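Have a look at the structure below, then the notes.
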Amino acid sequence: MAVTDGAPPHLSEPAAAASRPASGPRAAPARRQAQATKRKRQPSSEAAPAKRRNETSSLPAKKTAAKETQRAFKGKAQKVFSRKKTSASASERNQEQKACVKTSSLFKNNPEIPELHRPVVKQVQEKVFSSDAFHELDLHPHLISTINTVLNISNMTSVQKQSIPVLLEGRDALVRSQTGSGKTLAYCIPVVQSLQAMKTKIQRGDGPYALVLVPTRELALQSFDTFQKLLKPFTWIVPGVLMGGEKRKSEKARLRKGINILISTPGRLVDHIKSTKNIHFNRIRWLVLDEADRILDLGFEKTITVILNAINAESQERQNVLLSATLTEGVTRLADISLHNPVSISVPDESLCQFDLEDRDIFEDCDLQTSEELDGFAIPEGLEQYVALVPSKLRLVSLAAFLLQKCQFETDQKVIVFFSSCELVEFHYHLFLQTLLSGSGAPAPGQPPSACTLLRFLRLHGNMDQEERTAVFQEFSRARTGVLFCTDVAARGLDLPQVTWIVQYNAPSSPAEYIHRIGRTARIGCHGSSLLVLAPSEAEYVNSLASHKINVSEIKMEDILSVLTRDDCFKGNQWGSQKSQAVGPQEIRERATVLQTVFEDYVHSSEGTVSWAKRALQSFIRAYATYPRELKHIFHIRLLHLGHVAKSFGLRDAPKNLSVSTVKKRKASVKRPDLRKKTPRRRLAEMLQSEYSSGLEAGVAKVKKLKKPGAPGGQPHSAV
Ligand SMILES: Nc1ncnc2c1ncn2[C@@H]1O[C@H](COP(=O)(O)OP(=O)(O)OP(=O)(O)O)[C@@H](O)[C@H]1O
């Protein structure tokens, strides 16, 4: 469908910019103008059908925009916009004489944004801290002083208060408490206490006494780091991590030397079990499965069985611990095969705490009822959750505007944006780097400092090589501000300090994943916010969240976009050097259009970038097709308007060879008979498993060799 018409926008651009690399909104006008001229001469193969092109191109740009004003925002939004219309129209007429702004039909033919009738539910809330101190526990004095001085903490959290004594008694346990409530120390402290107290002093060459399994490499590094700190006074106990991405040879060498507390991802461990002679489990005393439900979600059930068999063959005498913020159905199965006479620990819902529930919530010999069945998922008290209903065409500019707001006009904002695939992360990361960041990193002469110079983007996903993944993880951990684009590889367990906002640009595939994603903020009693971006057709998802006791408030898209009026980077008038006096809906739409045009011009700057955007769009559609059956009535590719979705990838037209039916046909014709029968959930598990892989598969190794996978013109990614 036709989506743009008219001449290119003229942004104010100082002469100095000519010497900067041709990127960023300020550097773009000359390029855009040249490209627009070129486009006029050589109609793109992506060009819209003549009939519809004419429909808008015959109107002067501003008139088109004005016409759109009447149609775009209906219902409530329309009222807000019509109030200021008079002043906006005056400034419009003025500007019309001065510049001919290319107007993308961003605000035309969008679906109506429905009123959100969200049910208000009472969320489950847990008390994070207890009043008890670590020194009240029967721990080695050096361990207590390490906790106090190295970790800088003195009081236990509720989950620690409940778990540590139970684990010190030697019981198996199934532990559930909200995200960011200190579950890592809840298992690390008892492991260290018990191993340092062993009568026969542990030797490095003894091999593993404790095995900790986690779903991702970053989480493995994080647990390893915690053990390292706790083991400072007990230098004879050696922790080690196996996580894929590293050379197998060097991991084998470390195993040969001896690792007493072994932290690993399941895939990598099985790889070593199968191929490394030096791995023995005859001394194993502890088996910990952190993010236990995730490990099963990823289809690691077989892998876990291989590991359990390998351990059981050599040792029976051990304690087993399963932990997660969301213990779902899968964990019950895992608990059945891995726990013996377990204690189920869950921090009580504060609202039910009229009497002392602390004892009630330790279920002895329980039937392992899942928390979801008990009471829904707990949400950190300091977490404010929002949702924005954004038509597909406006998604990209809305995301950009939101990030500009956080980075330019607010201080100390650290944002994580979740996408549904590696390709989507790469696409948005590179697109924003190329278009929103100024080439020099400094404000252009005569311009105020702008987001263009303040933005700092990072990205993290499973198709990156391990070295870069670790570097990014550490850089974002240390950073005070910045934006991390990522897949669900960062959704679980990661403890990244001071994250202020979580954006879910693509909706998660389950309420549990929603909980874990938002749980990267508001940790350990801190405050944070989250924003879920939904298309109008997906509004029903809010009810689905409510059924899991998750409450979200609405942020209006216009409020997100209004930030664009605060930065003249996005002003569609090269003579207007001062900030607009009248900031109305028209101004917002113009600036959103300028920003969209920046994206579109970049995407259409070469054939390579166009096909790069098409691949990203395809990846989005593939991921969209994997929503589980219970969410299909909300997230179904049939409900997508491909032309509109294409726009959110900076594509002016929906790719001709890409329609919902062709995507479906292609999927069906893939010669993988076993896959054809799979449910979306199984397909999703497969896609995800490749992301969390041991790092040794041929496909992954191949991707690692590519210098910049996913970069414009680069190689496509093979999996999520
Ligand atoms: N008793 C405590 N007092 C203060 N801070 C603590 C305490 N225990 C843990 N922390 C800190 O709280 C943060 C969150 O802990 P942790 O990562 O273990 O949470 P979690 O419950 O495992 O979260 P998730 O469910 O997301 O994995 C960490 O930075 C940790 O150092």
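The values are calculated or read from the model by the stated rules, or taken from the named source; none is laboratory data. Just so we're clear, the structure is a prediction, and the values are computed from it rather than from any experiment. Positions of Cβ are generated from backbone atoms using ideal geometry, with glycine treated the same way; all protein chains shown enter the neighbour counts. Note: areas computed on protein heavy atoms with side chains; ligands, DNA, RNA excluded. Shrake-Rupley method; radii C 1.70, N 1.55, O 1.52, S 1.80 Å.
Listed cross-link partners LYS247/LYS277; LYS393/LYS549; LYS614/LYS656; LYS393/LYS414; LYS127/LYS183 are compared with a 20 Å cut-off, the Cα-Cα value being larger for LYS393/LYS549; LYS393/LYS414.
How would CYS486, CYS407 line up by accessible area, probe 1.4 Å, largest first? Can you show the working numbers first?
On the way: CYS486 0, CYS407 20 Å².
The most accessible residue leads, giving CYS407, CYS486.
Among rounded, prolate and oblate, which fits region 129-375 when a ≥ b ≥ c are the square roots of the eigenvalues of its C-alpha gyration tensor, a/c under 1.5 means rounded, and a/b larger than b/c means prolate? Because a/c hits 1.5 or more and a/b fails to exceed b/c, region 129-375 counts as oblate.
Need one word for region 160-226: rounded, prolate or oblate. Basis is the Cα gyration tensor (sqrt eigenvalues a ≥ b ≥ c); a/c below 1.5 gives rounded, then a/b vs b/c decides. Note, shape of region 160-226 comes out oblate. The label-point distance for ARG333 and ILE273, in a model that sets each label 7 Å from Cα toward Cβ, rounds to 1.7 nm. Qualifying trypsin sites (Lys or Arg not before Pro) in region 467-517, where qualification requires a DSSP coil assignment and no more than 11 other C-beta atoms within 10 Å, comprise ARG480.
Which shape class applies to region 225-355: rounded if a/c is under 1.5, otherwise prolate when a/b exceeds b/c and oblate if not, where a ≥ b ≥ c are the square roots of the Cα gyration tensor eigenvalues? Can you show the working numbers first?
Working: a/c = 1.95, a/b = 1.52, b/c = 1.28.
It comes out prolate by the Cα gyration axes.
If R0 is taken as 60 Å, the Cβ-Cβ distance between TRP236 and LEU116 corresponds to a FRET efficiency of 0.55.
Put simply, when 521-528, 610-617, 424-431 are sorted by average Cβ atoms within 10 angstrom per residue, most first, you get 424-431, 610-617, 521-528. Rolling a 1.4 angstrom probe over region 219-304 with all protein chains present gives an accessible area of which 49% lies on carbon and sulfur atoms. Ranking THR146, MET198, SER181 by Cα position along the charge dipole of region 130-229, where only Lys, Arg, Asp and Glu carry charges on their C-beta atoms, puts MET198 farthest toward the positive end. Taking label positions 7 Å along the Cα-Cβ direction at both ILE524 and VAL306, the computed distance is 3.6 nm, reported to one decimal.
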